Amino acid sequence: MNKILVLGLCLLPGFSIAQEQAYTVKGKIRNWKGADTVVLHYSVDNQLRSDTTIARNGVFEFKGTLSQPTLTYISHQQPTDPHTVRDASKFYLEPGVVQLEATDSLKYMKVTKGTENKFFQEQEEALKPYYNTLTALRMQGMKMTEAERKSEQAKALNEQYKAAIDSVIQTRIRFINTHPDAFLSAEALNFIAGSRIDYKLVQPLYAKLSPRIKATPLGKNLAERIEKARKTMTGVVMPSFTSLDTARQPVNLDDVVHRAKVTLVDFWASWCAPCRAENPNVVKAFNAFHDKGFDIISVSLDDNAERWKAAIIKDGMPWHHVSGLKKWQEPVAVFFGIEGIPDNFLLDEQGTVVARGLRGEELYKKIASMVQ
């Protein structure tokens, strides 16, 4: 249950810069009188921004520039009162004019002008029943006791959750297929891609996007990530790399692979709690299968050598360890497009990628089948 309801990954945010385009947001809240403060909250290059203006008798306007449409939260700044329900809503800031209209609150506003916002509303309506289901399933999962999470009921709940996620993905795929020139299609594809891109699924969908959408910062970022995913897709030989071990001596992937029957390339860090929680499972697999030809090369996204070495000793990991000590700028991680940890690639004796992202018992059983 927990594997689906709570994703155990330390994630890396992404990207980007491009040509700026002008936007204007015009708002009209008909029943507002006097002066009211309105705030926009949005993100640019992973930096949160807030813009504030005064609505006079319900009329307000924002102007600025942006490199691509971005999901934006708009709120009515009111006196702090624990009993006051926050008056807020969301829309897409996009080039051109976006018109917002409401009777007495932002919460119930309508976007009456803006192409991407039309697509956004279309997607929201299509996805709403599935997200309602996901929320309800999450609430049920949170109320379960530890014992109940191991029950058949929990397994059934988990299957329902996966089915709802699949419905979300299929809904977004249909949107991409029917709206190749919508920026929301790039957003939908970014959702489908996640932190571990399935090249065979994502690349054909990316190919359907229009040249205009591919030229946006998000479109370019997706292209880069998809190309990195191609290097490590199942069935290809993983490109070799060389990095420095704890004694600052070079270790080469090919050298490790050629001496082993099965190799795990493991990405982790001492500061990553999900990684540390998974380490006992990796140790168990190493102890069980090392004598049968299983080996590991762990690539750390640490930036502190002492903490890195201490974690290796504490977690009892007697295999190859390398790191450039550059955290998310770790060259090996950047080259392979690692965006979340823990992550790993399981290789056969030729260095061909057999599986990615296996954990726990699933990893153990796969290695067992390969070293027989």
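Sorting LYS118, LYS284 by solvent-accessible area of protein heavy atoms yields LYS118, LYS284, largest first, with a 1.4 Å probe.
About its Cα centre, the dipole of region 20-165 is roughly 240 debye, where the only charges are +1 on Lys and Arg Cβ and -1 on Asp and Glu Cβ. Using the Cβ-Cβ distance between VAL59 and ALA147 with R0 set to 56 Å, the FRET efficiency works out to roughly 0.45. Taking all protein chains as they are arranged and a probe of 1.4 Å, the heavy atoms of PHE241 leave approximately 20 Å² accessible to solvent.
For the set PHE175, PHE335, solvent exposure ranked by accessible area (probe 1.4 Å, protein chains only) runs largest to smallest as PHE335, PHE175.
In this label model, LYS113 and ARG259 are separated by 6.9 nm, measuring between points 7 Å along each Cα→Cβ vector. Full extension of the chain between THR24 and VAL39 yields a length gain of 4.0 nm, computed as 0.36 nm times the residue separation minus the alpha carbon distance. By DSSP, the beta bridges lying fully in the chain are antiparallel in about 75 percent of cases. On the basis of the beta-carbon distance and an R0 of 56 Å, LYS155 and SER50 show a calculated FRET efficiency of 0.80. Listed values for region 138-155 are Karplus-derived 3J(HN,Hα) couplings in whole Hz (6.51 cos²θ - 1.76 cosθ + 1.60, θ = phi - 60°), namely 4, 4, 4, x, 5, 7, 6, 7, 4, 5, 5, 5, 9, 8, 5, 4, 5, 4, and x replaces Gly and Pro.
Annotation: for a label point projected 7 angstrom from Cα along Cα→Cβ of ALA273, residues of region 322-357 with backbone N closer than 17 Å are 341-342. If only the Cβ of Lys and Arg carry +1 and only the Cβ of Asp and Glu carry -1, the dipole of region 150-265 around its Cα centre is close to 100 debye.
Rounded to whole numbers, the Karplus 3J(HN,Hα) couplings from phi for region 296-312 are 9, 10, 9, 9, 9, 9, 7, 10, 10, 4, 5, 5, 4, 5, 5, 5, 4 Hz, using 6.51 cos²θ - 1.76 cosθ + 1.60 with θ = phi - 60°, and x at Gly and Pro.
Within the set of other residues whose C-beta is less than 11 Å from the C-beta of LYS63, count the net charge using Lys and Arg as +1 and Asp and Glu as -1. With Lys, Arg at +1 and Asp, Glu at -1, the neighbours total -1. Amide H contacts for LYS90 (H built 1.01 Å from N in the peptide plane; partners 5 or more residues away or on another chain; cut-off under 5 Å): ILE74. For Rg and Dmax of the Cα atoms in Å, the candidate list reads (1) 23.3, 84; (2) 24.4, 78; (3) 20.4, 63; the entry that matches the value derived from this model is (2). How much length is gained if the chain between ALA310 and LYS214 is pulled fully straight, taking 0.36 nm per residue apart and subtracting their Cα-Cα distance, in nm to one decimal? Full-extension gain reported as 30.1 nm.
For region 224-256, there are no residues whose amide N sits under 11 Å from a probe point set 7 Å from the Cα of GLN329 along the beta carbon direction. Between ALA163 and ASN221, the modelled label-to-label distance comes to 3.4 nm, taking each label 7 Å out from Cα in the direction of the beta carbon. Per residue, the chain exposes 51 Å² of solvent-accessible protein surface, assessed with a 1.4 angstrom probe and all protein chains in place.
Extending 7 Å from Cα along the Cβ direction at THR242 and again at GLN77 yields two label points whose distance is 5.7 nm. Ordering of 242-248, 96-102, 131-137 by packing is 96-102, 131-137, 242-248, highest average first (other Cβ atoms within 10 Å, averaged per residue). When the solvent-accessible area of the chain is split by element, carbon and sulfur atoms take up 52 percent of it, the probe being 1.4 Å.
The values are calculated or read from the model by the stated rules, or taken from the named source; none is laboratory data. Please read all numbers here as calculations on a predicted model, not as lab measurements. All Cβ positions, glycine included, derive from the backbone under ideal geometry; neighbour counts span all protein chains shown. The area values use the complete protein model at the heavy-atom level, side chains included, leaving out ligands, DNA and RNA. Shrake-Rupley method; radii C 1.70, N 1.55, O 1.52, S 1.80 Å.
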